[in-house]
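Here's the structure we're looking at; comments come further down.
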Amino acid sequence: MQEIKINGQLVFEIRSKNHWINSFPGAIADLPMSEKYLWVDNNGNIATCGEDFMFAEDAGAYPIKIYHVQRTCHIDPKKESYVKSLNAHIGL
């Protein structure tokens with residue numbers, strides 16, 4: 001297994017299965033198609049579906065943190081206004 005590094009900003013943290021059930025949908029803003037969220041448990045694994053959130057409870061893998069992933073073009077100075085507007089949209 002190779003450890004990787006990905007740039008992103010923390011948007012939301014899910015503390016437990018019940019917190020997930022009670023918070024979603026609606027806890028985070030919808031993103032344009034080219035933007036992505038990354039859901040990572042405290043072991044560095046990705047959570048993608050209900051099975052992961054259920055298992056995370058038994059495995060002690062909470063909290064699950066949700067990051068808005070930084071795209072390559074986000075560092076382009078010409079994209080500064082887009083990135084500011086996107087960050088405001090998702091509450092950053």
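Laboratory data are not the source of any read-out in this text; all were calculated from the coordinates shown. All figures in this text were calculated on a predicted structure; none of them were measured in a lab. Because the Cβ atoms are built from the backbone with ideal geometry, glycine has one as well, and the counts that use them run over all protein chains shown.
Quick notes on this one:
- Sequentially through the stretch 3-16, phi angles give Karplus couplings (6.51, -1.76, 1.60; θ = phi - 60°) of 7, 10, 10, 10, 7, x, 10, 5, 10, 7, 10, 9, 7, 6 Hz, Gly and Pro residues having no value and appearing as x.
- The stretch 75-91 and the stretch 1-33 have their alpha-carbon centroids 19 Å apart.
- Helix 50-59 and the long axis of the chain differ in direction by around 60°, with both axes built from C-alpha atoms.
- Debye, to nearest 20: dipole size of the chain, +1 on Lys, Arg Cβ, -1 on Asp, Glu Cβ: 400
- The chain: C-alpha gyration tensor shape, a/c 1.5 cut-off, then a/b vs b/c: oblate
- Each peptide among 3-14, 71-82 gets the average number of other Cβ atoms lying within 10 Å of its residues, and from highest to lowest they stand as 3-14, 71-82.
- Per-residue packing, averaged as other Cβ atoms within 10 Å, sorts the ranges 31-38, 53-60 into the order 53-60, 31-38, beginning with the highest.
- Between the helical axis of 80-89 and the longest alpha-carbon principal axis of the chain there is an angle of about 40 degrees.
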